[in-house]
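Here is the structure we will look at.
Just so it is clear, none of the values below were taken in a lab; they were calculated from the coordinates. Bear in mind that the values here come from a model prediction, so they are computed numbers and not experimental data. Glycine also receives a Cβ, built like all others from the backbone with ideal geometry; neighbour counts cover every protein chain displayed.
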């Protein structure tokens, strides 16, 4: 990557950080609970990953989202597809 590419990447990351602020651990746990209930209803195997998983292992790290790995897509309308596979959802 060129220096300009790195500058553009950092600028995009800063824009994304401003657009999606950190969430509280309680909010993340509640979102994971809701996703888990839906997965159980659909008989879908799932696991928590990412920053929220780190929180459960004792890390003080904050997160912007809740990462879930599942054996199939949940029956929610996806917000968008992820570049590496899967979908992004919004839970309220």
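Take every Cα pair under 8 Å whose residues are at least 6 apart in sequence, average their separation, divide by the length of the chain, and the relative contact order is 25 percent. Ordering 13, 62 by the number of other Cβ atoms within 10 Å of each residue's own Cβ, fewest first, gives 13, 62. Compared with the alpha-carbon gap, the fully stretched path from residue 83 to residue 37 is longer by 14.0 nm at 0.36 nm per residue. Relative to the dominant Cα principal axis of the chain, helix 3-19 is inclined by about 40°. Just to confirm the number: angle between the C-alpha axis of helix 25-41 and the first principal axis of the chain, 0 to 90 degrees, nearest 10? For helix 25-41, the angle is close to 50 degrees.
Of 1, 54, the sequence from fewest to most neighbouring Cβ atoms within 10 angstrom is 1, 54. For the pair residue 13 and residue 57 in one chain, pulling the backbone fully straight at 0.36 nm per residue adds 13.2 nm over the alpha carbon distance.
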